[in-house]
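Participant: Got a structure for you, questions after.
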Amino acid sequence: MSHVLSHETDGVLQLTLDRPEKKNALTGDMYHALSDGLEQASANAAIRAVLLCGNGPAFSSGNDVNDFLSRGDADPQTTPSVRFIKALARFDKPLVAAVQGLAVGIGTTMLLHCDLVYASADARFSTPFSKLGLVPEAGSSLLLPQRIGAVRANAMLMLGEALDAENAVVAGLVNALFPAETLVAQALDKARALAALPAAALLASKALIQGDRTLLDARIDEELVAFGRALRSDEAKAAFGAFLNRARG
């Protein structure tokens, strides 16, 4: 079971993280389902935009730690999460996100690849990589400073400080806040509005706004090397051990 729901309406593919009992922590199967959805949307002319959202009180608490650690010493380039990151980075159609509650780790960094991001007032964005002995991923070491400025990005990526919903709007990470009860519906309306626009012009506009992606692709690969090295470190092993002990307690 992938725990990702897929629904198409009015030219929009809605991909919903559906593991609320685990705060939508992402497993390998979920990453593959998300990647499949993005790749199919890119190849299907009838799909003009994609909406990413989550069921339950959290958007995503990030990687499922047990699932993540079960991959052992696998080459980072071959992991399901990296497949998803690269699918996001190369996705050529409008991508919208609706974020409620926690957005941790990849739950935040995936948003940097979205064209429009909407959130509820309880949204909270955090990238606690350094606290786990790890380094930024998904191109976030490049994209987050570009999006919110180096000062805020340093606090998030180095100190692991969180950004609340209101400050995320001020910083430029989020376009606007919507009431929690209407968040997904209103974000879907935005995605439908994009889907209704002339497709060729919209695709060209996105490509122009993104510019040359060579630097992003290179940074993602550079992060992967550093991430793999960090994951094998004693610091990371100790941090993950402490995390799992707290979770069991």
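The values are calculated or read from the model by the stated rules, or taken from the named source; none is laboratory data. Just so it is clear, the structure is predicted and the values come from calculations on it, not from any experiment. We place every Cβ from the backbone using ideal geometry, glycine too, and count neighbours over all the protein chains shown.
Participant: If you go through the stretch 173-185 one residue at a time, do you hit one that is within 28 Å of Val65 (Cβ to Cβ), surrounded by 11 or more Cβ atoms within 10 Å (Cβ to Cβ) and either free of Cβ contacts under 8 Å to residues at least 12 places away in the same chain or in contact with a helix residue (DSSP H, G or I) (Cβ under 8 Å, 6 or more places away or on another chain) (or both)? It would help to see each step written out before you state the result.
Facilitator: Step one: filter the stretch 173-185 for residues within 28 Å of Val65 (Cβ to Cβ), giving 173-174, 180, 183-184.
Of the ones still in play, those that are also surrounded by 11 or more Cβ atoms within 10 Å (Cβ to Cβ) are 173-174, 180, 183-184.
Pick out the ones that are also either free of Cβ contacts under 8 Å to residues at least 12 places away in the same chain or in contact with a helix residue (DSSP H, G or I) (Cβ under 8 Å, 6 or more places away or on another chain) (or both) and you get 173-174.
Yes, there is a match, as at least one residue in the stretch 173-185 is within 28 Å of Val65 (Cβ to Cβ), surrounded by 11 or more Cβ atoms within 10 Å (Cβ to Cβ) and either free of Cβ contacts under 8 Å to residues at least 12 places away in the same chain or in contact with a helix residue (DSSP H, G or I) (Cβ under 8 Å, 6 or more places away or on another chain) (or both).
Participant: Of all residues in the stretch 1-47, how many are over 16 Å from the mean Cα position of the chain (by Cα) and buried (at least 23 other Cβ atoms within 10 Å of the Cβ)?
Facilitator: 3
Participant: If you don't mind, another one. Tell me, yes or no, whether the stretch 58-72 has at least one residue that is within 18 Å of Phe129 (Cα to Cα) and acidic (Asp, Glu).
Facilitator: Within the stretch 58-72 (the criterion being within 18 Å of Phe129 (Cα to Cα) and acidic (Asp, Glu)), the answer is yes, since at least one residue qualifies.
Participant: Going by the conditions given, is Asn167 in a helix (DSSP H, G or I) and within 29 Å of Thr16 (Cβ to Cβ)?
Facilitator: yes
Participant: Still on this model: Name the pairs whose Cβ atoms lie under 7 Å apart, with the first residue in the stretch 198-215 and over 17 Å from Leu88 (Cα atoms), the second at pLDDT 95 or above and of a type in the set (Phe, Trp, Tyr), and 6 or more positions between them or separate chains?
Facilitator: none
Participant: Next up: When you look at Ala191, is it within 30 Å of Asn55 (Cβ to Cβ), part of a helix (DSSP H, G or I) and among the small types (Gly, Ala, Ser), yes or no? Step through it out loud before you land on a result.
Facilitator: Numbers: within 30 Å of Asn55 (Cβ to Cβ): yes; part of a helix (DSSP H, G or I): yes; among the small types (Gly, Ala, Ser): yes.
It is true that Ala191 is within 30 Å of Asn55 (Cβ to Cβ), part of a helix (DSSP H, G or I) and among the small types (Gly, Ala, Ser).
Participant: Still on this model: Hey, could you check the stretch 1-44 for residues that are touching a His at 6+ places or on another chain (Cβ under 8 Å), among the polar types (S, T, N, Q) and part of a strand (DSSP E or B) and say which is farthest from Ser70 (Cα to Cα)?
Facilitator: Gln14
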